[in-house]
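Single-structure report; data block below.
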Amino acid sequence: MNIARLLKQFPGVRSEDGASLVLPRELALQVAECLKNDPEFKLDYCSNVTGVDYPDRIEKSKAADGSETSKKIPGFLETVYHLYSIENKQGPLAIRVRTADRTNTRVPSLTPIWRAAELQEREAYDLFGIHYIGHPDLRRILMWDDFEDHPMRKDYQEPDDYHYEPTPHDEVLEKARKHYGAA
Amino acid sequence: MAQLEPPTAQRGYQILSSRDLDAQTLEVAMGPHHPSTHGVFRMDVVLDGETVTKLKPVFGYLHRNHEKIAENTSWIGSMPYTDRLDYFCSLTSNWAYALSVEKLCGITVPERAEYLRVILAELTRLANHACLAGFFVNDLGAMGTPLLYALREREKILDLFEWISGARMMCNFMRFGGCRNDAPEGWLAATRKLVAHFPSFLDEYDRLLTGNEIILARTQGIGILSSALAIDSAMSGPCLRASGVNYDIRKVDAYGIYNRFNFRVPLGDHGDCYDRMMLRLLEMRESLSILEQALKEIPEGSVQNSAVKIRNFKPPKGECYGRIETPKGELGFFLISDGGTSPYRYRIRPPSFINLTVLEDMCLGQKLADAVTILGSIDIVLGEVDR
Amino acid sequence: MEISDPQEMEGLRSELQKAGVFVTTMEFIYNWGRSSSIWPLQFGLACCAIEMICTAGARFDLARFGAEVFRPSPRQADLMIVSGTVTKKMAPQVVRLYNQMPEPKYVITMGACAISGGPFKQGYNVLKGVDRFIPVDVHIPGCPPRPEALIHALVTLQKKISAQTTLPREQGDVSNRAYDKGDQHYPVPQLGAHDIVPPFNPEVWHPEPVRRDS
């Protein structure tokens with residue numbers, strides 16, 4: 001697969017690790033359509049769709065004079081699509097679409113291009129809270145409709161339903177302490 | 001088969017066409033407790049008379065948070081959980097995970113372990129496909145008999161699994177860079193014996209099922225899936241091949257040592273329920289052929305790459321997507337490592353789940369009883385659908 | 001003549017048997033009938049359901065114990081085998097199914113997940129034991145329990161049923177719930193914004209007090 005040609009054709013597209021493509025939100029549908037229909041790629045089989053959560057992080061850097069500066073780097077949510085080509089027998093190519101940050105989570109849906117993304121984008125919406133614009137039926141899929149959290153996010157707080165264990169240790173001990181109060 | 005003559009009004013009474021009858025639209029929630037949904041799956045169906053006009057699958061009744069648990073545990077700690085993904089085929093799920101981690105770290109696997117893996121995976125395929133056919137005709141109304149025959153054969157295979165791994169169903173047998181232990185003495189001979197006897201069971205099964213008039217009437221032309229839609233919706237495994245798409249990951253990726261074996265990939269040409277069932281019966285014959293070759297060629301040697309650490313196992317930073325052909329379809333693992341002792345992101349690509357994307361398209365315009373047939377022919381396991 | 005000592009009763013019974021006279025009680029016959037024809041609910045939740053199917057299969061043959069008639073409808077079933085992980089999303093349905101079964105009814109929890117959440121205990125969507133909402137008669141540990149273990153649980157339940165009294169001997173001496181309190185209905189939990197509400201039924205489940213030395 002000649003990714004270099006694609007990078008030239010769509011100037012907004014980047015490749016961070018040389019293997020996967022990061023698509024800007026506004027170009028995502030256009031590039032995806034090209035990947036599916038271009039005879040060189042023909043990536044017609046969208047095998048895997050998933051979300052990944054990158055939380056906000058604070059990066060500390062030391063300046064030359066020894067003073068420390070900490071910079072907050074905003075996190076984002078990412079959807080990764082793994083594409084294969086049945087006709088050209090090639091793949092996988094991973095494409096990534098990122099949200100602006102972790103509160104503004106609107107990205108274009110690629111379900112109109114690959115039907116396979118339908119249920120999997122619903123799953124990413126349910127578990128990560130990524131809003132896919134243009135998805136035909138964006139509802140919760142694994143959790144119930146009234147559920148409000150997004151459990152696969154890294155900062156998800158579980159409900160406190162600790163169950164007695166005779167020998168709690170590590171994280172479970174912490175949980176037990178929290179559940180029963182400091183004892 | 002002779003077509004039934006449509007009834008005419010000549011005999012002195014007026015036949016109403018279905019258009020004349022004002023059928024009431026009925027909403028039925030099938031499941032999560034329903035005998036033919038293979039577990040806790042639910043279909044919300046809208047019926048016009050008995051015809052399906054709308055069908056929405058509802059998931060999540062067995063959502064056990066495997067991915068979240070895996071991100072909080074060690075890399076090898078997820079191996080027992082993969083058993084419980086597709087609980088009919090624990091060994092292929094093991095293999096998919098082990099293969100993905102091996103791909104991530106660049107671990108090599110000893111020859112004998114590769115052969116053992118192939119043997120166990122193909123035995124799993126035999127057990128799964130035999131039972132699938134049993135459950136499928138059970139849904140059609142053949143209560144018991146074919147399923148009992150299939151379970152009888154499955155028990156023989158489970159005995160082999162128990163012998164080698166210590167557990168009937170949850171084998172937890174594969175490790176990064178090999179298998180947990182070598183085959184015990186006499187195991188390979190017993191497997192050879194089973195493989196030698198299996199064709200007679202398949203012949204018996206074929207005689208029972210293939211030409212059965214009820215099965216032909218209930219499955220042929222039901223739930224047709226075009227090859228274009230099958231590819232677009234990322235169907236995988238037997239469902240994809242029944243629609244005529246020649247795509248078997250054992251051939252395409254040739255993972256493990258599958259390029260050494262000589263086997264054929266059966267294809268369907270109608271994409272209906274009959275093709276999907278027959279394809280599995282044919283695949284069992286090919287699995288037997290792989291098993292015969294593997295059991296003949298299996299070399300002596302170690303079954304575990306001793307360079308792989310078990311404690312404090314830390315893959316390098318990076319990501320990978322590994323996949324294998326399980327009996328249900330393409331089972332993939334997308335792993336992101338941040339260099340720590342547990343995965344940063346652990347994603348399972350479940351074939352049963354994704355194969356349900358076009359369930360509604362296949363069921364529209366069919367009768368409600370056919371929706372059950374179509375669901376049975378897709379072959380889902382809820383542990384994998386909801387994870 | 002009134003015989004109150006069960007040992008004396010047993011002695012008299014065997015004496016009479018030697019003479020060809022068989023004496024029994026209505027209660028014994030009734031319980032024998034009930035315990036030898038338990039109809040389980042055909043209700044598979046997860047992995048353990050496969051072992052349940054195997055138990056009903058030819059090799060382990062649950063029919064030997066009179067419990068092979070799996071009923072798809074809760075209205076016709078005596079026994080609910082909770083075979084697998086009960087998720088929070090599924091919990092209301094499980095309780096509702098239990099409520100729909102006619103008395104006398106029994107529950108076997110099959111496997112670690114149904115008992116306490118098992119390996120999936122840390123999951124946010126996993127109910128940590130079905131006994132938080134419905135009373136359980138027999139627990140089977142294992143992941144999954146072998147078919148023999150399910151048969152053992154069934155035999156244990158049969159013993160339990162045989163020991164139940166149906167007619168009160170004295171005032172208040174009734175061990176069979178059906179004759180004691182009538183149909184039991186347990187409140188069905190609701191699916192809330194973060195968890196099921198309530199997280200357990202305090203009438204059924206009494207959490208263990210934490211015991212720690214330090």
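The values are calculated or read from the model by the stated rules, or taken from the named source; none is laboratory data. Every value quoted in this text rests on a predicted model; they were computed, and no experiment measured them. Here the Cβ positions follow ideal geometry from the backbone for every residue, glycine too, while neighbour counts run over all protein chains shown.
Key figures
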read-out	value
Unmet criterion (only one of (1) of a type outside the set (Lys, Arg); (2) within 14 Å of chain C (Cβ to nearest Cβ); (3) closer than 22 Å to B:Gly223 by Cα; (4) touching a residue at least 60 places away in the same chain (Cβ under 8 Å)) for B:Tyr61	(3)
Residue among A:Leu93, A:Leu77 that alone is within 13 Å of chain B (Cβ to nearest Cβ) and at pLDDT 90 or above	A:Leu77
Candidate set from the stretch B:241-252 (those that are of a type outside the set (Val, Ile, Thr) and within 20 Å of B:Leu99 (Cβ to Cβ)); member that is nearest to the other protein chains (Cβ to nearest Cβ)	B:Tyr247
From A:Leu142, A:Leu127, A:Leu110, residue being crowded, with 20+ Cβ neighbours inside 10 Å and touching a Pro at 6+ places or on another chain (Cβ under 7 Å)	A:Leu127
Single unsatisfied condition, B:Ile157 versus (1) among the β-branched types (Val, Ile, Thr); (2) within 14 Å of another protein chain (Cβ to nearest Cβ); (3) surrounded by fewer than 20 Cβ atoms within 10 Å (Cβ to Cβ)	(3)
Test result for B:Ala183, in a helix (DSSP H, G or I) and of a type outside the set (D, E, K, R)	no
Verdict on B:Leu151 being buried (at least 18 other Cβ atoms within 10 Å of the Cβ) and at the interface with another protein chain (Cβ under 9 Å from one of its Cβ atoms)	yes
Hey, C:Val130 more than 21 Å from B:Arg168 (Cβ to Cβ) and more than 15 Å from the chain's Cα centre (by Cα) or not	no
Of all residues in the stretch A:41-73 being of a type in the set (A, V, I, L, M) and in a strand (DSSP E or B), the one that is nearest to A:Arg115 (Cα to Cα)	A:Val49
Single residue of C:Val107, C:Val95 found to be more than 14 Å from chain B (Cβ to nearest Cβ), within 18 Å of C:Asn201 (Cα to Cα) and either out of contact with any His (no Cβ under 9 Å at 6 or more places or on another chain) or surrounded by fewer than 19 Cβ atoms within 10 Å (Cβ to Cβ) (or both)	C:Val107
Search result, residues across the stretch A:25-83 that are among the β-branched types (Val, Ile, Thr) and more than 16 Å from A:Ala94 (Cα to Cα)	A:Ile58, A:Thr69, A:Ile73
Residue within the stretch B:199-209 that is part of a loop (DSSP other than H, G, I, E, B), more than 13 Å from chain A (Cβ to nearest Cβ) and farther than 24 Å from B:Thr326 by Cα present	no
Within the stretch C:119-132, tally of residues that are more than 7 Å from chain B (Cβ to nearest Cβ), out of contact with any strand residue (DSSP E or B) (no Cβ under 9 Å at 6 or more places or on another chain) and in a loop (DSSP other than H, G, I, E, B)	2
Selection status of B:Asp232, buried (at least 16 other Cβ atoms within 10 Å of the Cβ), charged (D, E, K, R), within 26 Å of A:Thr111 (Cα to Cα) and in contact with a Leu (Cβ under 9 Å, 6 or more places away or on another chain)	no
Pick from the stretch B:83-120, criterion outside any loop (DSSP other than H, G, I, E, B) and either free of Cβ contacts under 8 Å to residues at least 60 places away in the same chain or of a type in the set (Asp, Glu) (or both), ranking: surrounded by the most Cβ atoms within 10 Å (Cβ to Cβ)	B:Leu120
Entirely in the stretch A:79-183, the strands (runs of 3 or more DSSP E) that have 2 or more residues that are charged (D, E, K, R)	A:90-98
All positions within the stretch B:100-113 that are out of contact with any helix residue (DSSP H, G or I) (no Cβ under 9 Å at 6 or more places or on another chain) and under 27 Å from B:Lys317 (Cα atoms)	B:Ser100, B:Glu102, B:Lys103, B:Leu104, B:Cys105, B:Gly106, B:Pro110, B:Ala113
Restricting the stretch C:40-59 to residues that are farther than 19 Å from C:Asp78 by Cα and not β-branched (Val, Ile, Thr), the residue that is farthest from the other protein chains (Cβ to nearest Cβ)	C:Cys48
Top-ranked residue in the stretch B:316-371 [being polar (S, T, N, Q), more than 10 Å from chain A (Cβ to nearest Cβ) and surrounded by fewer than 24 Cβ atoms within 10 Å (Cβ to Cβ); ranked as nearest to B:Arg280 (Cα to Cα)]	B:Gln366
C:Lys89 vs. criteria of a type outside the set (Val, Ile, Thr), more than 22 Å from C:Ser162 (Cβ to Cβ), modelled with pLDDT of 85 or more and buried (at least 23 other Cβ atoms within 10 Å of the Cβ)	yes
Every pair of residues 6+ apart whose Cβ atoms lie under 6 Å, when the first sits in the stretch C:20-36 and is over 27 Å from C:Glu68 (Cα atoms) while the second is β-branched (Val, Ile, Thr)	none
Condition check for C:Lys88: of a type in the set (Lys, Arg), touching an Asp or Glu at 6+ places or on another chain (Cβ under 9 Å), within 30 Å of C:Gly192 (Cβ to Cβ) and within 14 Å of chain B (Cβ to nearest Cβ)	yes
Members of the stretch B:162-192 that are closer than 22 Å to B:Ile76 by Cα and aromatic (Phe, Trp, Tyr)	B:Phe173, B:Phe176
Among (1) in contact with a His (Cβ under 9 Å, 6 or more places away or on another chain); (2) among the hydrophobic types (A, V, I, L, M, F, W, C); (3) within 8 Å of another protein chain (Cβ to nearest Cβ), the one test that A:Trp144 misses	(1)
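Results for (1) modelled with pLDDT under 85; (2) of a type outside the set (Asp, Glu); (3) surrounded by fewer than 17 Cβ atoms within 10 Å (Cβ to Cβ), shown as yes or no for each residue.
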| site | (1), (2), (3) |
| --- | --- |
| C:Gly118 | no, yes, no |
| C:Pro141 | no, yes, yes |
| C:Gln164 | yes, yes, no |
| C:Glu170 | yes, no, yes |
| C:Asp173 | yes, no, yes |
| C:Lys181 | yes, yes, yes |
| C:Asp195 | no, no, no |
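Listed here are the residues, each with its yes/no results for (1) in contact with a helix residue (DSSP H, G or I) (Cβ under 9 Å, 6 or more places away or on another chain); (2) facing chain B (nearest Cβ under 10 Å); (3) of a type in the set (Gly, Ala, Ser).
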residue: A:Arg57; (1), (2), (3): no, no, no
residue: A:Tyr84; (1), (2), (3): yes, yes, no
residue: A:Arg106; (1), (2), (3): yes, no, no
residue: A:Leu110; (1), (2), (3): yes, no, no
residue: A:Arg115; (1), (2), (3): yes, yes, no
residue: A:Glu123; (1), (2), (3): yes, yes, no
residue: A:Arg140; (1), (2), (3): yes, yes, no
